[in-house]
Every structure is written in structure tokens, then in C-alpha cells.
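Here's the structure we're looking at; comments come further down.
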Amino acid sequence: MMRTASFVCVAVGLVLAALGAAGKPRAPEGRAPVTAAAAGGGVPGSALAAPAETAPAPAARRAVAWGTFGVGMAFLFAGLVLGRLAGARAARAGAGGVAASAGAAPGGAATADVALEAMRRIRDGVGALRDEFAQTPAETFIARADALALVDGLAINENRHAIAARLGAKAFAEMICEYAVGERYFARAWSAVADGYADEARQSLDTAAPAFAAAVRLYEEALKASR
């Protein structure tokens with residue numbers, strides 16, 4: 001809102017300042033008649049004197065309309081002030097958002113704990129899908145896998161910065177590498193089931209399940225070490 005007002009003030013100020021600078025017509029000064037004698041034609045006081053002529057009036061001059069110009073400059077000044085205030089407010093808001101996100105990362109214990117619970121559910125869910133693979137129809141497998149990926153998997157991926165801040169760079173790197181292996185092979189199992197390749201799906205689950213279990217173990221160990 002303030003930025004819009006700034007633009008309007010500047011635009012109005014420019015128009016008024018231009019009109020004021022253009023000015024308004026000023027009446028030309030009067031000129032005395034020029035006689036023929038003054039012009040060098042005829043003899044003064046005689047019948048031969050030529051009729052008096054008036055010199056052509058000079059072109060009208062334009063005077064600066066100081067009132068209009070001053071109002072325009074006032075609008076320009078107000079627009080510039082509003083623009084600076086709007087910029088300062090936006091800068092403060094951006095700095096506050098960055099500070100809030102930066103401050104939430106180190107102390108984001110609740111977020112890190114939520115992510116750990118989500119990872120445990122993925123570990124247990126993928127393990128159950130592997131153990132029950134032979135008895136699980138393809139449609140049921142895909143539905144359960146989608147639920148794990150879209151709910152718990154999303155919770156982990158959206159909070160990676162908070163997790164890294166809580167665990168520390170080294171512990172986070174070790175944990176997330178195991179998690180990435182499980183995530184990749186779990187996605188491969190999903191694709192294999194959808195395409196009808198049961199053997200490949202089972203092999204992928206045999207890799208994904210222990211990788212998720214290792215990620216949870218590393219996560220728990222890093223949390224204990226950080227306390």
C-alpha cells in the first residue's frame with residue numbers, strides 16, 4: 001500500500017512540476033508607435049509625413065508557474081519519502097523472517113523429534129511391506145507405500161534443515177546417506193510393483209528396509225550425543 005502511494009505521488013509530482021516549469025503566457029510589454037520620421041520616411045510636420053506605424057509586438061513570454069511547480073515538487077518529495085519507508089519496512093520484514101528461521105533451526109527440538117517419529121514409521125512400514133510382500137496385493141502395496149511417502153517422507157524432507165541443525169553436520173550427513181539409500185530403493189520397489197516385477201520389488205525392499213533402520217539408529221545416537 002505504501003509503495004503504491006509512493007508511485008502515485010511521484011507520478012503526480014512529475015506532471016505538476018512539468019506543468020509548472022512550462023509556465024503560463026505573460027502579456028508582452030507595450031511599444032510606442034514608430035513614426036515615419038523615426039523610421040526614416042517623410043518629413044515631420046509636413047504633408048509628406050508618412051502615417052505612424054506600430055512596431056510588431058514581440059512574442060509572448062512564458063513565466064514559470066511557481067505555485068504549480070512547488071506543489072509538484074512537494075508531491076515528488078512525499079513520494080520519495082514513502083518509497084524509502086516502504087523499502088525499510090520490507091527490509092525489516094525480510095530480516096525478521098530470516099532471523100526467525102535461523103533462530104528456529106538450532107532450537108527446533110520439536111521439529112527434529114517429529115521428523116524422527118516419521119522416520120520410525122517409515123522404517124516400520126517398509127519392514128512390514130517387506131515381510132508381508134507375498135500376501136499383499138499390488139494395489140494395497142501401492143496405497144500403503146504412497147501413504148508412507150506422502151505423509152512421513154514429506155515431513156522428513158521438509159524439515160531437513162532443522163534436523164541438520166539439531167544433529168550437527170557430521171551426524172546428519174551419515175544419517176541422511178542411509179536414509180537416501182532407503183528412499184531410493186523404496187521408490188524402486190514401488191515402480192517394480194506397479195510394473196508387475198515382483199522379484200525386483202522384493203530385492204529393492206530387502207535393501208530399503210535395513211537402510212531405513214540404519215538411518216533411525218544413527219538419528220537416535222546423534223540425538224543422545226547432542227544432549
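Just so it is clear, none of the values below were taken in a lab; they were calculated from the coordinates. It should be emphasised that the depicted structure is a prediction, and the values quoted were computed from it without experimental measurement. In this analysis, Cβ positions are derived from the backbone assuming ideal geometry, glycine residues included, and neighbour counts consider all displayed protein chains.
Per-residue Karplus couplings for region 147-153, computed as 6.51 cos²θ - 1.76 cosθ + 1.60 with θ equal to phi - 60°, are listed in order as 4, 5, 6, 7, 9, 6, x Hz, Gly and Pro entered as x. Sorting the segments 136-143, 112-119 by their mean number of nearby beta carbons within 10 angstrom, highest to lowest, gives 112-119, 136-143.
Hey, what does the equivalent ellipsoid look like for region 108-226, semi-axes from the Cα gyration tensor as sqrt of 5 times each eigenvalue, largest first, whole Å?
Working: eigenvalues 149, 34, 23 Å².
Here the semi-axes work out to 27, 13, 11 Å.
Using the average count of surrounding beta-carbon atoms within 10 Å as a protection proxy, the listed peptides 193-200, 123-130, 147-154, 163-170 rank, highest first, as 123-130, 163-170, 147-154, 193-200.
Counting pairs of alpha carbon atoms under 8 Å apart in space and at least six apart in sequence, what relative contact order in percent does region 108-226 give?
Answer for region 108-226 is 36 percent.
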